[in-house]
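Since the structure comes first, as structure tokens, the remarks are kept for the end.
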Amino acid sequence: MPEFCDVALPVPLDMVFSYRVPAGVTPVVGGRVLVPFRQQRMTGIVVEAHDRKPSVQTKSILSVLDSAPVLDEQLLRLGRWIADYYLAPLGEVFRSMLPLSAEFKRSVGYRITEAGEMALHQAGVSGSSARSRRAPEEQAAEFRVLDYLTGREPLPGDAVLVKEETLRSATRISKSVLAGMVRKKWLVREDISNVRDATRTIRIATLKSAEGQLNDNQKKLVETLASLGGTVPVETLQALEVPRTTLSTLVKRGLVEITEQPATFAVSRSRPRPSRPEFEFTPAQSSALAHLRESVAARKFFGMLLHGVTGSGKTAVYLAGMRSVLETGRSAILLVPEIGLTPAVAADLHQVFGDEVAILHSALSDAERAEQWHRIKRGEARMVVGTRSAVFAPVSDLALIIVDEEQDSSYKQEETPRYHARDIAVVRASMANAVVVLGSATPSLESYFNAKKNKYALVELPDRVEQRPLPEVEIIDMRQEFQETGHEQVISRKLASEIKERLERKEQVMVLLNRRGYSPVVLCRTCGKKLECKNCAISLTHHKRDHKMVCHYCGYTAPVPKVCAHCGSEYVYFLGTGSEKLEELLHGMFPQARIARLDRDTVRGHEDFESTLNALSEGELDLLVGTQMIAKGHDIHAVTLVGVVGADAALGLPDFRAAERTFQLLTQVAGRAGRGNSPGKVILQTYFQDHYAVQFAAQHDFAGFYEKELRFRSWMHYPPYSALANVLIRSDKLDDALQWSGLLGKWFEKTRHEGVRVLGPAAAPITRLKRDYRYHFILKSPSRERLNTTLRAMLVHAAQQKIPRTQVIVDVDALWLM
């Protein structure tokens, strides 16, 4: 048996750590182990077992958590590729691949030292006399802690170790007091993190008897139980307006019994879309499906870009392809960009595949994610649907990966490891000899460029199903609207009249404004200064319903100002319109309409999203207002009008992808109209009516936009003609950020980097974010290998200059340069 093993830990260090394997313990490569690291315990993944004795003294692993690998050889290979390509620590990559944090509880404990016992003895406050001694408040708190710890029953030959939460609850002290006692060496703080059972359970109350005398509250509980069949979840009873002790009393009297049962999991609460078993595919759909099935049967890597207009039936092709995979006993993964799309797609899949479906996304609790992961690992679910992390689902015999809306920026993770799930899907399919399908009405320029270069097969769905026409798009020039009305309009006259007409015809309307809150800017008319976040160089947004100002980047909140914070003037002006204000305006214009809003402020969990979309599907809403959450993937047949308010604001951002993002958003939201039997119409309000992104979106002309945008990219050597990386230097001290970016800037100047162009250092467009000052470099190269080599050399130099690794962010294939 090997004497040592190398473990990848989730720390920001580009290395693995060697541990001794104690007798009687057998770690497996790809399995988890619990190990000591500095002053705490951590779980890590074993990447190698060996007999090579390290040159430094090694610690022993504490326990083996898995008897079989949680990451098989293929996923280990994929993790190493991600770490190498995105220059991310291997342990942090593996942590992103495994949604099993619910199985490991992190906690700390405290034990008293000899110095602490001496301090207690010298103070003459042993035992209960501690409470009678007068002392300053902090000293009294310290003696309460020492007294509590000496009064506990210790383990044989050892001082007692008490969990922090238990100690703080019993002695009513703060963390700062405990930290001070550790500094005085009166206490020792130890990590007691450990493995726990993450099985989800639910407490069930069962009515055993209704006999005997009952007070009013007890009668209410008993009657509720009886009316619901005698067995209900405890949380249902706790929602009643009766004291919680009432249930305890009934349990003590033997009238009610409480038991724990495994919690059930609903794949989706969304209603599946009506499906017809004998659905007739269009010739283009049939051709695409035949191509997909043939490629899956070949058991070789194959990449396909499925480019279909909105409403062309891409989802039907996905489901038919996945059905073919399941019939052969193999597995498939379907990635969707938004959590909001996951329930709807999961409902469709559950209708077709039953319990063979598993769901993975961040809106699930840690325990739910772990439960779904284990179902997949055990082979109970071979069809997986989820957001970007679902690309790591531990399916066996993978045959097909589908990436829906492949152009969506939410597939790119904006924290370490900064991977792009679309590209990971392609790499994983290549490693598994599987088929990968990238689907979109508005493919990214990179994917379409690759398809044109024959890296992927390009399959087109040029028409909507059942020969439905694409919606008519009418552009409203808001500059002309201002000239004719004499004041700033949020809803143009044309859009207002079209909404009124649709409401009279009992049809549904969607209105997009891709900006949350009530007013995005608060400006003083006296001094001209904006109210900004104290942590970021960003204006605070007014949220009227919550009566507060909010930073949408760091979450900082402040009260709504009555006077200017800078000059004290009372002339505070709330400028601009967000989705909350738009909803209020529409309520005022159409008081009889049933209106709802869908954005991050109204959606607290996936249940909120599902209930709103279900209400729209069932005809319980007339008008839906929202941000980009409403723009993609939703198939609501009664929506015949889409209004677009201010979606072209992104054209003013200093980002080379601004035009592409605007075109994609306009095209996607326009595609929500006219998906049923009635034709659809789009009213597109803009201040940039001559911009090519707006014009091509109005004409539903992806090929025209692609050709024009590609020319600009080639002139400026941007993707897809070059690989790109953003190197961000950050620090909460401005001097450090300037010094470190200067050191790296000088290194880039002095060192020859063949085929790599370096821009910067320069202040990032958002110069301060989450208390950090930010400077960045942009690196471009036609060779990904040369770019990777240059970035690695830069990180080595940064380490030599003692620049902390966590303060140098390397974002390969960056999508966000702000």
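A few comments on the model shown:
- Being surrounded by 17 or more Cβ atoms within 10 Å (Cβ to Cβ), modelled with pLDDT of 90 or more and farther than 24 Å from residue 630 by Cα is a property that does not hold for residue 550.
- Once region 593-638 is narrowed to residues that are in contact (Cβ under 8 Å) with a residue 60 or more places away in the chain and among the polar types (S, T, N, Q), the residue that is nearest to residue 469 (Cα to Cα) is 617.
- Residues that are in contact (Cβ under 8 Å) with a residue 40 or more places away in the chain and acidic (Asp, Glu) within region 398-424 comprise 404, 405, 406, 408, 414, 423, listed in sequence order.
- Taken residue by residue, region 791-801 has no member that is assigned to a strand (DSSP E or B) and within 18 Å of residue 730 (Cα to Cα).
- Here residue 667 does not qualify as under 25 Å from residue 318 (Cβ atoms) and free of Cβ contacts under 8 Å to residues at least 24 places away in the same chain.
- Selection of first residues in region 446-472 that are farther than 30 Å from residue 713 by Cα and of second residues that are open to solvent by 80 Å² or more (accessible area, probe 1.4 Å), restricted to Cβ pairs under 6 Å at least 6 apart or on distinct chains, gives the following pairs, ordered by first then second residue: 469/679.
- Residues of region 797-808 include at least one that is of a type outside the set (Phe, Trp, Tyr), open to solvent by less than 30 Å² (accessible area, probe 1.4 Å) and either in contact with a Gly (Cβ under 9 Å, 6 or more places away or on another chain) or touching a residue at least 60 places away in the same chain (Cβ under 8 Å) (or both).
- Check on residue 474, of a type outside the set (A, V, I, L, M) and part of a strand (DSSP E or B): yes
Yes or no, residue by residue, for (1) at pLDDT below 90; (2) closer than 25 Å to residue 367 by Cα; (3) open to solvent by 10 Å² or more (accessible area, probe 1.4 Å); (4) among the acidic types (Asp, Glu):
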| position | (1), (2), (3), (4) |
| --- | --- |
| 42 | yes, yes, yes, no |
| 47 | no, no, yes, no |
| 65 | yes, yes, yes, no |
| 71 | no, yes, no, no |
| 79 | no, yes, no, no |
| 96 | no, yes, yes, no |
| 111 | yes, no, yes, no |
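- Some residue of region 353-376 being open to solvent by 10 Å² or more (accessible area, probe 1.4 Å) and among the basic types (Lys, Arg): yes
Every residue, every condition in (1) open to solvent by less than 10 Å² (accessible area, probe 1.4 Å); (2) among the charged types (D, E, K, R); (3) at positive phi, yes or no:
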{"residue": "399", "(1), (2), (3)": "yes, no, no"}
{"residue": "411", "(1), (2), (3)": "yes, no, no"}
{"residue": "415", "(1), (2), (3)": "no, yes, no"}
{"residue": "434", "(1), (2), (3)": "yes, no, no"}
{"residue": "449", "(1), (2), (3)": "no, no, no"}
{"residue": "465", "(1), (2), (3)": "no, no, no"}
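- Look at (1) open to solvent by 60 Å² or more (accessible area, probe 1.4 Å); (2) at negative phi; (3) out of contact with any Leu (no Cβ under 9 Å at 6 or more places or on another chain) and you find that residue 757 fails only one, number (3).
- Complete set of residues in region 298-325 that are modelled with pLDDT of 90 or more and of a type outside the set (A, V, I, L, M): 299, 300, 301, 302, 303, 307, 308, 314, 318, 321, 323, 324
- Selected residue [aliphatic (A, V, I, L, M), outside any strand (DSSP E or B) and within 30 Å of residue 666 (Cβ to Cβ)] from 385, 391: 391
- Any strands (runs of 3 or more DSSP E) falling wholly within region 564-669 and containing at least 2 residues that are within 30 Å of residue 817 (Cα to Cα) and open to solvent by 20 Å² or more (accessible area, probe 1.4 Å): 572-575
- Just so you know, in region 673-701 the residues that are over 20 Å from residue 497 (Cβ atoms) and modelled with pLDDT under 85 include one that is surrounded by the most Cβ atoms within 10 Å (Cβ to Cβ), and it is 675.
- A Cβ distance below 7 Å, combined with a sequence gap of six or more or placement on separate chains, defines the contacts here; from region 170-191, residues that are in contact (Cβ under 8 Å) with a residue 60 or more places away in the chain reach residues that are in a helix (DSSP H, G or I) and crowded, with 19+ Cβ neighbours inside 10 Å in the pairs 181/142; 181/145; 186/116; 186/119; 186/146; 187/116; 187/178; 187/181.
- When region 670-680 is filtered for residues that are in a helix (DSSP H, G or I) and under 25 Å from the mean Cα position of the chain (by Cα), nothing remains.
Yes/no matrix, rows are residues, columns are (1) touching a residue at least 12 places away in the same chain (Cβ under 8 Å); (2) touching a helix residue (DSSP H, G or I) at 6+ places or on another chain (Cβ under 8 Å); (3) over 13 Å from residue 92 (Cα atoms); (4) in a loop (DSSP other than H, G, I, E, B):
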| residue | (1), (2), (3), (4) |
| --- | --- |
| 2 | yes, no, yes, yes |
| 6 | yes, no, yes, no |
| 35 | yes, no, yes, no |
| 44 | yes, yes, no, no |
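- Residue 16 being touching an Asp or Glu at 6+ places or on another chain (Cβ under 6 Å) and hydrophobic (A, V, I, L, M, F, W, C): yes
- In this structure, residue 335 qualifies as closer than 21 Å to residue 97 by Cβ and surrounded by 19 or more Cβ atoms within 10 Å (Cβ to Cβ).
- Scanning region 515-533 for residues that are open to solvent by 20 Å² or more (accessible area, probe 1.4 Å) and in contact (Cβ under 8 Å) with a residue 24 or more places away in the chain returns 515, 516, 518, 520, 521, 523, 525, 526, 527, 529, 531.
- Criterion applied to 427, 352, 395, 384 was being of a type in the set (Val, Ile, Thr), within 21 Å of residue 85 (Cα to Cα) and in contact (Cβ under 8 Å) with a residue 40 or more places away in the chain, and the one residue passing it is 427.
- Candidate set: region 390-414, residues that are closer than 25 Å to residue 289 by Cα and among the acidic types (Asp, Glu); chosen: the one farthest from the chain's Cα centre (by Cα): 397
- Residue 494 falls short of the stated requirement of being open to solvent by 100 Å² or more (accessible area, probe 1.4 Å), modelled with pLDDT of 90 or more and part of a helix (DSSP H, G or I).
- For region 547-563, a tally of residues being part of a loop (DSSP other than H, G, I, E, B) and without any contact (Cβ under 8 Å) to a residue 24 or more places away in the chain returns 8.
- Count of region 261-291 residues which are surrounded by 11 or more Cβ atoms within 10 Å (Cβ to Cβ), outside any loop (DSSP other than H, G, I, E, B) and at pLDDT below 85: 1
- Screening residue 6 against (1) open to solvent by 30 Å² or more (accessible area, probe 1.4 Å); (2) touching an Asp or Glu at 6+ places or on another chain (Cβ under 7 Å) leaves a single unmet condition, (1).
The values are calculated or read from the model by the stated rules, or taken from the named source; none is laboratory data. Computed from a predicted model, the values in this text were never measured in an experiment. All Cβ positions, even for glycine, are placed from backbone atoms using ideal geometry, and neighbour counts span all protein chains on display. These area figures cover heavy atoms from the full protein model, side chains too; ligands, DNA and RNA do not enter into them. Shrake-Rupley method; radii C 1.70, N 1.55, O 1.52, S 1.80 Å.
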